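Scroll down for the structure; my scribbles are underneath it.
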């Protein structure tokens, strides 16, 4: 077990409040309809859901920003929304979280990405999406890069959060990684296959197991295959660190020149794994910026993920609950 001394952890948690981390990527709106069902529709063999209430939350890259803010870090968000009611709802919702949204751009040529979920008796019944996946135009690219260049000196870390919705183009990715490396700023990546080669040279790369399989073009099952995958990713794209999330098996972590470490999953129950990856990348980045070692940050992120998967909806990590779970698990040692 990777442990953290209590004095170190106190310093790191205090340091979180001094960090400013930019999240750049595909933002979206998560809509939830909650209800119950006890009958089948006479029109078709489908359940009828009696909706009791609904909930709107910022999702995608915005959920990463919510996790950072919940942990105490200052954050600014770069993304694209449409000129529509969902975009207005997205902006209004984010105002409640004290997140800098002056770099959210309205694009009249596309809708705001929306993922709508219907739940009955706390079980997902269906999800439907409204989105455009075409890449943003060159004028918008230049605007995003210009805004980032203007703010880079204020940043301690950057997260590139790619959901393959068109915001993160190769030009944006390459420029941001180049600028971060030139300014000694941590840049971490939650990737999709489409832009793979553009992420070369980032500090940390965090695919899940399925994404790692897609990237490498092979099935990955055994620990030996997982280790080979991590080493190949480190070499292939010149990353300093690689983290492969393994769902209920935990996370595999890799540092150049060292053997793989697997940190077992810590969840007491699993209600919904959606959003766990957002929590992992946000926690690792925030804690590394605040002074934690790579291994410590990954271990803490694993506990953070164990908390959010216990909720049926997508929620950011609660720092008080995280600290409590770290204590209860024996991950904190005296000193």
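The values are calculated or read from the model by the stated rules, or taken from the named source; none is laboratory data. Since we're looking at a predicted model, the values are computed, not measured. Backbone-built Cβ (ideal geometry, glycine too); neighbour counts: all protein chains shown.
Numbers for the structure displayed
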{"read-out": "Candidate set from region 197-208 (those that are in a helix (DSSP H, G or I) and buried (at least 19 other Cβ atoms within 10 Å of the Cβ)); member that is nearest to the chain's Cα centre (by Cα)", "value": "199"}
{"read-out": "Tally, over region 1-41, of residues that are part of a strand (DSSP E or B) and without any contact (Cβ under 8 Å) to a residue 40 or more places away in the chain", "value": "1"}
{"read-out": "In region 156-174, the residues that are free of Cβ contacts under 8 Å to residues at least 60 places away in the same chain and over 10 Å from residue 194 (Cα atoms)", "value": "171, 173, 174"}
{"read-out": "So residue 153, is it outside any strand (DSSP E or B), without any contact (Cβ under 8 Å) to a residue 24 or more places away in the chain and more than 28 Å from residue 31 (Cβ to Cβ)", "value": "no"}
{"read-out": "Residue match in region 178-196 (condition: in a helix (DSSP H, G or I), more than 16 Å from the chain's Cα centre (by Cα) and surrounded by 23 or more Cβ atoms within 10 Å (Cβ to Cβ))", "value": "yes"}
{"read-out": "Those residues of region 289-302 which are crowded, with 24+ Cβ neighbours inside 10 Å, out of contact with any strand residue (DSSP E or B) (no Cβ under 6 Å at 6 or more places or on another chain), touching a residue at least 24 places away in the same chain (Cβ under 8 Å) and part of a helix (DSSP H, G or I), in sequence order", "value": "300, 301"}
{"read-out": "For residue 286: the one exception among (1) in contact with a strand residue (DSSP E or B) (Cβ under 9 Å, 6 or more places away or on another chain); (2) outside any helix (DSSP H, G or I)", "value": "(2)"}
{"read-out": "Options 284, 226: the member that is crowded, with 19+ Cβ neighbours inside 10 Å and over 25 Å from residue 18 (Cβ atoms)", "value": "226"}
{"read-out": "Hey, residue 265 outside any strand (DSSP E or B) and in contact with a strand residue (DSSP E or B) (Cβ under 7 Å, 6 or more places away or on another chain) or not", "value": "no"}
{"read-out": "Hey, residue 169 surrounded by 13 or more Cβ atoms within 10 Å (Cβ to Cβ) and either under 30 Å from residue 53 (Cβ atoms) or within 20 Å of the chain's Cα centre (by Cα) (or both) or not", "value": "yes"}
{"read-out": "Flag if residue 146 is assigned to a helix (DSSP H, G or I) and surrounded by fewer than 21 Cβ atoms within 10 Å (Cβ to Cβ)", "value": "yes"}
{"read-out": "Hits in region 313-333 - residues which are farther than 18 Å from residue 245 by Cα and either at pLDDT 95 or above or touching a strand residue (DSSP E or B) at 6+ places or on another chain (Cβ under 7 Å) (or both)", "value": "313, 326, 331, 332, 333"}
{"read-out": "Residue under evaluation residue 225, criteria (1) over 23 Å from residue 286 (Cα atoms); (2) touching a strand residue (DSSP E or B) at 6+ places or on another chain (Cβ under 7 Å), criterion not met", "value": "(2)"}
{"read-out": "Qualifying residue in region 80-89 (condition: crowded, with 16+ Cβ neighbours inside 10 Å and within 16 Å of residue 161 (Cα to Cα))", "value": "yes"}
